[in-house]
Structures are given as C-alpha cells and as structure tokens.
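K.L.:
Following this message is one structure expressed as structure tokens.
The values are calculated or read from the model by the stated rules, or taken from the named source; none is laboratory data. This one's a predicted model, so the numbers in the text were calculated from it and none came from an experiment. Positions of Cβ are backbone-derived with ideal geometry, glycine not excepted, and every protein chain shown enters the neighbour counts.
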Amino acid sequence: MTNHMKVEMAAKSENESFARVVIASFISQLDPTLDELTEVKTVISEAVTNAIIHGYEANEEGVVILACSIEDDEVTIWVQDFGRGIDDVHEAMEPMYTSKPELERSGMGFTIMENFMDQLDVHSSETGTTVTLVKRFNHDHRPIAK
Amino acid sequence: MLKKEEKLLGLVSYFEQKENVLLIRLVGELDHHEAETLKTDWESYLSTGDIKHVIVNLEQLSFMDSSGLGVFLGRYKQVKALEGEMVVCSINRSVKRLFELSGLFKVVQTEANEADALSRLGVAS
C-alpha cells in the first residue's frame, strides 16, 4: 500500500493537538496498536512544538508543514519549518539539553523521538529545519508480549 | 468546579487542598499549549504558604509529551524547596514511559491510586 498527505499550518500552539489528530487519523489505515498510535502522536507533538518554540521563537506567522507517506508497512513523517534553524544539532539531541531553560523545557524532545521511532534524521540550516521520522509497523514480526 | 464537558479538547486541571497536601487531578491532554496555564495555576497554589506536598492524579490524563515533563520537573524543584514530597498516582502506560525516559521516577514518588498517595503523606482520605 502507498499513500501520502501534506498539511500546512500556522505556527500556533493550538495546532499541536491538531497535528496529532491529523497524523493519528492518517496512519489508522495501518491498523496500529494503541501504543504505536501514542508513540507517533507523541513524536509529532515534540517536532511541531520544536518548530513553534525554537524554529519560530513563538512568532505565529511562521508556517509548519506536516507530511506523511506510507509505503507498505513503513511510515515516513516530515515536520518542516522555515525558522531560524538549530545552531548545533548534535548538542540539541543530547538528553536533557535545552537552549531555552527559562521556558522550563525538559530537553527530552529528541530523546523521545529517537526512542519512539525506528529512524530520526534532522536537517537544519539558517533557513529552517526538517525532521524526518520513520517507523515500521511490521505486525507479523512483532513479539507477542511487550 | 469545571465540568469536564465544558472543555472537550485540551486539559482540565482540578485543584484541591487536603491539609498541607495539594491534590491535582489532570483530565485530558498535556502539551506545550496547555503547559503554561497548568504551571501558572500550580505555582499560585504552591505560593499560598500552607502547602508542603503535592499529589498528581494522572488517571484521566490521556496524553502527555515532553512539555509536560518540563512542568513536572519545574514544580518538583519548588516542592523540594518546601521540603515536601511529590507523588504521582494512577499513572498510565504511555505517561510512565516518558517518566522513565526522563529519569523523573528518581525524584518523584509513585503510588497506585489517590488513597495510597494520601495515606503515604499522612492524610486520611
């Protein structure tokens, strides 16, 4: 099965829950488990929140693009912004690291993305950031008990 | 008290004081959008001066991300400064995973339910 979608939204925090609903609804065609659905919703929440807080530094005129493609049992999700970019991607991915401690950020966003997905790729420059997330829904090879 | 139906999306937080314990019941989804309101409300209760411990009941929290972890970490520091304890109860599987990943379980106590959490802090429920 192949399928794809793309949604553009304003960089407003209200749209974090909207992005979660969109992605959950789109991947439901793969018949995900409840845990898988929660994992995907959580990583989308992390990536979209990053775009809003860090990419656009709360400038709501920014635009966030959420795209998703399905190829057989593999889902690829892109979260793209055209904000200021990440100065040091390696540093940003360190657990507990945050560039905005004054905002009470936990610094766990990328750690959660890495843990909940099979693949994470971050491409960033001064014209924006694209986070690519891949997850396989291979239900035949999944251990019975988790 | 707000009725759950009044707010279908997002987060509703119910605050209640029992002796020197602040009991918070979270209903709904806790993300970056909801984090600031929760933080402000939670802080205003802690600043009254007659609260030492905090119990957070997560039974009806259907979603949380790292923004929620940030709120918990921030309030933990305040409760610690009051020499109190922070206890979470009725934690679901997915929220538990986030707590594990972040190491929050090293500092926050857990109980199976609200009654156990209250008796841990010496409050008759």
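K.L.:
Of the residues B:E43, B:E100, which single one is closer than 24 Å to A:P95 by Cα and either within 14 Å of chain A (Cβ to nearest Cβ) or surrounded by 16 or more Cβ atoms within 10 Å (Cβ to Cβ) (or both)?
P.N.:
B:E100
K.L.:
For region A:73-86, name all the residues that are more than 16 Å from A:V48 (Cα to Cα) and modelled with pLDDT of 95 or more.
P.N.:
Pass one, region A:73-86, residues more than 16 Å from A:V48 (Cα to Cα): A:73-75.
A:E74, A:V75 - these are the residues of region A:73-86 that are more than 16 Å from A:V48 (Cα to Cα) and modelled with pLDDT of 95 or more.
K.L.:
Filter region A:12-58 for residues that are of a type in the set (S, T, N, Q), away from every other protein chain (no Cβ under 11 Å) and part of a helix (DSSP H, G or I); which is nearest to the chain's Cα centre (by Cα)? Full working, then the answer.
P.N.:
From region A:12-58, those of a type in the set (S, T, N, Q) are A:13, A:15, A:17, A:25, A:28-29, A:33, A:38, A:42, A:45, A:49-50; that's our starting set.
So of that shortlist, the ones also away from every other protein chain (no Cβ under 11 Å) come out as A:25, A:28-29, A:33.
Then keep just the ones that are part of a helix (DSSP H, G or I); that gives A:25, A:28-29.
Details: A:S25: 15, A:S28: 17, A:Q29: 19 Å.
The selected residue is A:S25.
K.L.:
Still on this structure: Kindly establish whether B:S94 is under 25 Å from A:G107 (Cβ atoms) and either among the β-branched types (V, I, T) or in contact (Cβ under 8 Å) with a residue 12 or more places away in the chain (or both). So that I can check it myself, show each step before the final result.
P.N.:
Values: under 25 Å from A:G107 (Cβ atoms): yes; either among the β-branched types (V, I, T) or in contact (Cβ under 8 Å) with a residue 12 or more places away in the chain (or both): yes.
So B:S94 fits the description; yes.
K.L.:
Testing A:V21 on (1) of a type in the set (V, I, T); (2) in contact (Cβ under 8 Å) with a residue 12 or more places away in the chain; (3) surrounded by fewer than 20 Cβ atoms within 10 Å (Cβ to Cβ), one condition comes back false. Which one is that?
P.N.:
Among (1) of a type in the set (V, I, T); (2) in contact (Cβ under 8 Å) with a residue 12 or more places away in the chain; (3) surrounded by fewer than 20 Cβ atoms within 10 Å (Cβ to Cβ), the lone unmet condition for A:V21 is (2).
K.L.:
Considering only region A:99-114, state which residues are at pLDDT below 95 and either over 17 Å from the mean Cα position of the chain (by Cα) or over 22 Å from B:H33 (Cβ atoms) (or both).
P.N.:
Listed by number, the residues that qualify are A:S99, A:K100, A:P101, A:E102, A:L103, A:E104.
K.L.:
Does region B:46-55 contain any residue that is under 29 Å from A:V43 (Cβ atoms) and at pLDDT 95 or above?
P.N.:
The answer is yes, given that some residue of region B:46-55 is under 29 Å from A:V43 (Cβ atoms) and at pLDDT 95 or above.
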